[in-house]
Amino acid sequence: MKIKRLFLFFVFTALTFGMDTPANILQTSGDRDFASFLTRFTTSASFQYSRVKFPLKTPITLMADDGESEKTFPFTKEKWPLLTQDLLKVARVPSQEGGVYVSKFIVDNPTHKEFQAGYEESEFDLRVVFDLIDGRWYVTDCYTAWYPFDLAVGELRDAIRDVQKDNATFIKIHP
């Protein structure tokens, strides 16, 4: 009788903890919180790629070869620089040259966040927009100094190649 009760206890426990209750389904289908999402986003290339809505809202805009007009390119997956934990860390770091590099969330709402980094009193180097869509966080827009306005159109291919080299290193460490 004891063995039968023990067996039933194990079966009941396995069924109870293995069931997909509404709470379990919600936890696995959505992001628990932004901090957990951000940790996973910056430590898994495959996850990061899956959470960027390509093409991004704002295209890459570069100075045309004539030096006077602009040319735009969709911000697609091939141009995406994988973002590390260090890049998306909130910080205030004085430099030896006297400037202060600041990285922070300039908008921090429950469903919309904007991260910005760059030297104080200067243009920012990085701006990343995150939106909560159907219970999951996604990057929906980005500006990165990898593709500054003053980059000549003829240099875009080299910049993309450099991004892809850095991405390959990231992928080796954080597949």
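The values are calculated or read from the model by the stated rules, or taken from the named source; none is laboratory data. The structure presented is a predicted model; accordingly, all values stated were derived computationally and were not measured. Positions of Cβ are backbone-derived with ideal geometry, glycine not excepted, and every protein chain shown enters the neighbour counts.
Things worth noting here:
- Look at the range 141-170: where a residue is in the same structural domain as Phe130 (by TED's automatic domain parsing) and a partner is in a loop (DSSP other than H, G, I, E, B) and of a type in the set (Lys, Arg), sitting 6+ places away or on another chain with Cβ atoms under 9 Å, you get Asp141/Lys53; Asp141/Lys57; Cys142/Lys57.
- Residue within the range 48-68 that is small (Gly, Ala, Ser), surrounded by fewer than 12 Cβ atoms within 10 Å (Cβ to Cβ), without any contact (Cβ under 8 Å) to a residue 12 or more places away in the chain and closer than 26 Å to Ser36 by Cβ present: yes
Matching residues to (1) of a type outside the set (A, V, I, L, M); (2) over 20 Å from Arg157 (Cβ atoms):
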residue	(1), (2)
Thr42	yes, yes
Phe47	yes, yes
Ser50	yes, yes
Leu56	no, no
Glu68	yes, yes
Lys77	yes, no
Asp86	yes, yes
Lys89	yes, yes
Val93	no, yes
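- Filtered by the rule that a residue be at positive phi and surrounded by 16 or more Cβ atoms within 10 Å (Cβ to Cβ), the range 114-155 gives a lone residue, Gly118.
- Residue count for the range 130-157, restricted to those that are closer than 19 Å to Gly30 by Cβ and assigned to a strand (DSSP E or B): 9
- Subset tally (residues that are of a type in the set (Gly, Ala, Ser) and farther than 17 Å from Ile60 by Cβ) for the range 156-175: 1
- Among the criteria (1) surrounded by 11 or more Cβ atoms within 10 Å (Cβ to Cβ); (2) modelled with pLDDT of 95 or more; (3) out of contact with any strand residue (DSSP E or B) (no Cβ under 8 Å at 6 or more places or on another chain), the one Ala35 does not fulfil is (1).
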